Amino acid sequence: MNEKYDFNEIERKWQKYWEENKSFKVTEDYSKEKYYVLEMFPYPSGKLHMGHVRNYSIGDVVARFKHMSGFNVLHPMGYDSFGLPAENAAIKNGVEPAEWTYSNIAEMTEQMKRMGLSYDWDREVATCTPEYYKWMQWIFIQFYKKGLAYKKENPVNWCPSCQTVLANEQVVGGCCERCGSAVGKKNLSQWYLKITDYAERLLENLEKLEGWPQKVKTMQKNWIGRSVGAEVEFEIKDFDKKLEIFTTRPDTLYGVTYMVMSPEHPFIEALTVGTEYEAAVKEYQEKVQKMTDIERTSTAGEKTGVFIGRYAVNPLNGKEVPIYISDYVLMDYGTGAIMAVPAHDERDFDFAKKFGLEIIPVVQPEDPSVDVNHLEQAFVAEGKMINSEMFTGMDNKQAIEKIIDYLEDQKIGRKAINYKLRDWLISRQRYWGTPIPMIYCEHCGWVPEKEENLPILLPTDVEFTGKGESPIATSKTFAETVCPKCGAKAHREVDTMDTFLDSSWYFLRYCDARNENAAFDPEKAKYWMNVDQYIGGVEHAILHLMYSRFFQMVFYDLGLVKDEEPFKNLLTQGMVIKDGKKMSKSIGNVVSPEEIIGKYGADTARLFILFAAPPDRELDWSDAGVEGSYRFLNRVYRLVYELADQCRNAPKNYEIKSSADKALAYEMNASIKKVTEDAGGRFMFNTAISSIMELVNEIYRYKELDTLNTALLADAVEKLILILSPFAPHICEEMWQHMGHSESVYCEAWPVYDETALIKDEIEIVVQLNGKVKEKLNIQTNLDKTAFEKAVMENDRIKALLEGKEVIKVIAVPDKLLNIVVK
RNA sequence: GCGCGAUUGGCGGAAUUGGCAGACGCAAUAGACUUAGGAUCUAUCGGGCGACCGUGGGGGUUCAAGUCCCUCAUCGCGCACCA
């Protein structure tokens, strides 16, 4: 150990040591309790950004802490390495996507190693390797066999810039989640996964996820969007099919004054062909089809639509009502048609006002100031039923049940549950993804490839044009094959899978990353799963986290895993910002991890990022703050350098004699306790570090004393190194070695604190008069209420304080405070 | 519009169960050491001369409120014609 803290030399030295000694390699040890800590694996864009550094620093503290606490820790890392940027690089610079990707992976791995992260690199996965996507294809086939994968033609979200379709989840505010272009619609035949079959379980299980942030659970709940109501059949006059609608308010059936169908509704053609309304209807349909989602939502509230010249019959009272089409009714929710009750629905109210339609109230508000016959806006609250024949007079909530019963009796409707969640569109017209292992045969239809023929390798004889069709279609050899079932000439699917499939099971692959015979060994998965702590950005709250839950449930149903849920605890880390803004190239406020590590070292970077804010909050980058963390590490280093000789020669056992001894022993144990709780359970690394700082300050005070208990001092210094080591591992290894240890600090046991050292004989308590602090006294600890009150009240200063006052009440909280209520 | 979450010194933040508001750090000020200091050490550091006042504003519950309840404001995030 040099006199000066040379982080460069120290960090290289210990990174080499860990690598050579395979310090972080982990195997299944069924005799030991496991702990699986996982950080969301990155897309290999080339360089780490501060968000990665924060994510991995948090995970590394947890991993190192749990390892020292005796757990068999699985802490893996890998790359979500399929995806568009690689292909765009190919189009732009002519580099092979594989080459571009693997060189980025190499660079990022190097950067992660420079950070001193405790990953078991032997378990690294990259989703773009045939070893990985072989099993992705196998999984797809299992889904297909279970009836969970199907192909169908549908209007789909189409990103004109990425030239591919998008899942609903990937359309944010009408724009492509990736590139921000306005998303349009296109009719295409595509592969889907039946996630809607799991809607109820995905929703129900959210309750059980106690270790998840409420925010994420709420977001998923809203996304699944369950609503309970009824399906009701309306006859259409002079038409042989019935119009089915979904409503959450069957109690308002008597208030129906018109119907609205989505412009895409399949009946419309037959209902209008050859009529005087046909032209206007067609015109409206075309207008709506041309609009992008943004245009549609930008005019939300302003209702448009046309009457189609037809009438529907209310099944409860036989009333005939006109049928309209309007874009406020969506084809892909419910049945694509609604019953309109303008009195009790805001949208219907707006529409009725605009088109001069009748408004019939059927729920009487309790508030007498609302005139139900002259509504200014829709009345959507609860009340008593009116104008509803035999249901009149009931509470409307009760009427919902009664009317559903009646509908079911009459066979004109039924109770129904609807979800916003749609099936997951997984086809992508791109190259750099897992080929969908399906073959189309003219005789047999779609047939999965034989499992022994997997993986279906990505062809390399392709052209990257960036145009509408999958580049795989340009391969001369890929598509041509024979039907696995009948042997006839057949052709392969040329689309690839959405990369979100790859990341929906990587946490299982880590359990058994090198397995060549299975996606993972269920026995190993049973040992490691589930993930005890998952850490990543909140931007994955819906997409990745819900897809992964879906996959896990399917695996559960296939008997491959023992739990329905993959992630026991979830920590969503906050963003790293600078000057109050998100770091971005255009603002020019980006701080590069490389630069910081080069200037101060990885330990400083890690320490600062953990100290500056609690992990789930935004972190405002501060250059001065980094200096502070650097100064702190230097301060610790100097302390150990100065005291090491003394400490090495100190005896092991000691007695606490002086009050200074007691103070140091107290601080040492208090710090261990605090760090144990904050790093191990509460995940408040900022306060953990601040308590380590307090210990350092206390040791600095102590070492200046004339009479020292060197054994105690040595103990304090060693404990300090141990509890600091998960945060700043390199410097701690160096100091630990300098203290005379040959074993890596990573392999040491986490220190246990001594509860008795935390008990003080005397404590400063507060005396309040009418809730205001007036005096502070040193009082013996551990007294009961009466003795505590007596001890305080008999104090001369308190007696003086109470001079001439009448004591009305005394509230005693032993070891804390005494509040005297006086007049 | 609906649903979350936040708001504490000059700044980042602490206060875990209702019990001393401001731990720890940054910045700042003064001093020491020094040829020098952007190193290190020591001290001060919410406001007010003070009684006291202070956790976004107003109200409430309580012996006691940053913490619980009501209400308003601002900022951030999510969803957004979901029948």
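Coordinate-derived values only; no laboratory data. It should be emphasised that the depicted structure is a prediction, and the values quoted were computed from it without experimental measurement. Quick reminder, even Gly has a Cβ in these numbers, built from the backbone with ideal geometry, and neighbours come from all protein chains shown.
Leaving out same-chain residues fewer than 8 places away, which lysines sit with a Cα under 19 Å from that of A:Lys242?
By straight Cα distance, A:Lys242 reaches A:Lys319, A:Lys411, A:Lys415.
Using R₀ = 60 Å, calculate the FRET efficiency as 1/(1 + (r/R₀)^6) where r is the Cβ-Cβ separation of A:Glu278 and A:Asp623; round to 0.05.
With R0 = 60 Å, the Cβ-Cβ based efficiency is 0.30.
Give me the extension gain from A:Lys4 to A:Asn222: residue separation times 0.36 nm, minus the current Cα-Cα distance, reported in nm with one decimal.
Contour length minus the Cα-Cα distance gives 72.9 nm.
P(r) tail for the stretch A:209-257, what percent of Cα pairs lie past 15 Å?
Value for the stretch A:209-257 (Cα pairs over 15 Å): 65 percent.
I'd like the FRET efficiency for A:Lys319 and A:Asn168, computed as 1/(1 + (r/R0)^6) with the beta carbon distance as r and R0 of 35 Å, rounded to 0.05.
With R0 = 35 Å, the Cβ-Cβ based efficiency is 0.45.
For the stretch A:171-287, what size does the Cα cloud have along each of its three principal axes, sorted from largest down, in whole Å?
Result, largest extent first: 60, 42, 26 Å.
Restricting to Cα atoms and excluding each atom paired with itself, what does the Kirkwood estimate give for the stretch A:108-195 in Å?
This gives a value of 16.2 Å.
Can you pull the Rg over Rh of the stretch A:56-103, Cα-only, Kirkwood?
Reported Rg/Rh, Kirkwood definition of Rh: 1.32.
Which value does Rg/Rh take for chain A over its C-alpha atoms, Rh per Kirkwood? Mind dumping the intermediate values first?
Working: Rg = 34.1 Å, Rh = 31.9 Å.
Dividing the radius of gyration by the Kirkwood radius yields 1.07.
On a C-alpha basis, how far is the centre of the stretch A:459-529 from the centre of the stretch A:118-148 in Å? Whole number, if you could?
Using only Cα atoms, the two centres lie 8 Å from each other.
Going by a ≥ b ≥ c, the root eigenvalues of the Cα gyration tensor, does the stretch A:227-304 fall in the rounded group (a/c under 1.5), the prolate group (a/b larger than b/c) or the oblate group?
oblate
Round to a whole angstrom and tell me the spacing of the C-alpha centers of the stretch A:175-195 and the stretch A:635-714.
Centre-to-centre distance over Cα atoms comes out at 59 Å.
Quick check of the Kirkwood formula: for the stretch A:468-529, what is the inverse mean of 1/r over all pairs of different Cα atoms, in Å?
14.7 Å is the Kirkwood radius here.
Residue by residue through the stretch A:255-265, what is 3J(HN,Hα) from phi via Karplus (6.51 cos²θ - 1.76 cosθ + 1.60, θ = phi - 60°)? Round to whole Hz and write x for glycine and proline.
x, 5, 10, 6, 10, 10, 10, 5, x, 8, 4
What does the net charge come to around A:Val766 if you take all other residues with beta carbon closer than 12 Å to its beta carbon, with K and R at +1 and D and E at -1?
+1
How much of the calculated P(r) for the stretch A:701-823 lies past 18 Å, in percent of all Cα pairs? Show your work: numbers first, answer last.
Details: 4907 of 7503 pairs.
For the stretch A:701-823, the share of Cα pairs beyond 18 Å comes to 65 percent.
How would you rank A:763-772, A:559-568, highest first, on the average number of other Cβ atoms within 10 Å across their residues?
Peptide ranking by packing, descending: A:559-568, A:763-772.
Show me A:23-30, A:500-507 ranked by packing, highest mean number of other Cβ atoms within 10 Å first.
Order by mean packing, descending: A:500-507, A:23-30.
Averaging over every viewing direction, what projected area does the convex hull of the Cα atoms of the stretch A:418-472 cover, in nm²?
So the Cα hull casts an average projection of 6.5 nm².
What residues from the stretch A:432-456 fall in the zone where the backbone N is under 15 Å from a label point 7 Å along the Cα-to-C-beta line of A:Ala488?
A:439-447
How far apart, in nm, are two points set 7 Å out from the Cα along the Cα-to-Cβ line at A:Ile542 and at A:Ser189?
Taking the two extended label points, one gets 3.0 nm.
Remind me, what semi-axes does the stretch A:486-596 give for its equivalent ellipsoid, largest first in whole Å, using sqrt of 5 times each Cα gyration tensor eigenvalue?
Value: 35, 22, 14 Å, ordered largest first.
Taking Cα pairs under 8 Å and at least six residues apart, what relative contact order does chain A come out at, in percent?
This gives 14 percent for chain A.
Determine, from the Cβ-Cβ distance of A:Tyr150 and A:Asp579 and an R0 of 45 Å, the FRET efficiency 1/(1 + (r/R0)^6), rounded to the nearest 0.05.
0.35
Test of understanding: express the Cα radius of gyration of the stretch A:65-165 as a ratio to 2.2 N^0.38 Å, with N the residue count.
This ratio for the stretch A:65-165 stands at 1.46.
Could you calculate the contour length gain from A:Asn517 to A:Lys287, that is, 0.36 nm times the residue separation minus the distance between their Cα atoms, to one decimal place in nm?
Here the answer is 77.4 nm.
Within the stretch A:13-39, find all residues whose amide N lies under 19 Å from a label point positioned 7 Å from the Cα of A:Tyr641 along Cα-to-beta-carbon.
A:13-14
Run the numbers for A:Glu408 and A:Asn21: contour at 0.36 nm per residue of separation, minus the present Cα-Cα distance, in nm.
Going from the current span to full extension adds 132.2 nm.
Roughly what would the spin-label model give for A:Ala749 and A:Val766, points 7 Å off Cα along C-beta, in nm?
Going by the 7 Å Cα→Cβ label model, 4.0 nm.
Express the Stokes-Einstein translational diffusion coefficient of the stretch A:411-546 in µm² s⁻¹, to the nearest whole number, given a Kirkwood radius over alpha-carbon pairs, 4 °C and a viscosity of 1.567 mPa s. Working shown, then result.
Details: Rh = 18.2 Å.
Once the numbers are plugged in, D ends up at 71 µm²/s.
How far is it, in nm, from the label point at A:Tyr333 to the one at A:Glu594 when both lie 7 Å from their Cα along the line to the Cβ?
4.7 nm
If you count, for each residue, the other Cβ atoms within 10 Å and average over each peptide, how do A:654-665, A:488-499 line up from highest to lowest?
Going from most to least packed, we get A:488-499, A:654-665.
Based on the alpha-carbon gyration tensor of the stretch A:303-391 and its eigenvalue square roots a ≥ b ≥ c, which shape applies: rounded if a/c is under 1.5, prolate if not and a/b is larger than b/c, or oblate?
Since a/c reaches 1.5 and a/b is larger than b/c, the shape of the stretch A:303-391 is classed as prolate.
Roughly speaking, what is the centre-to-centre gap between the stretch A:348-415 and the stretch A:209-270 when only Cα atoms are used, to the nearest Å?
17 Å
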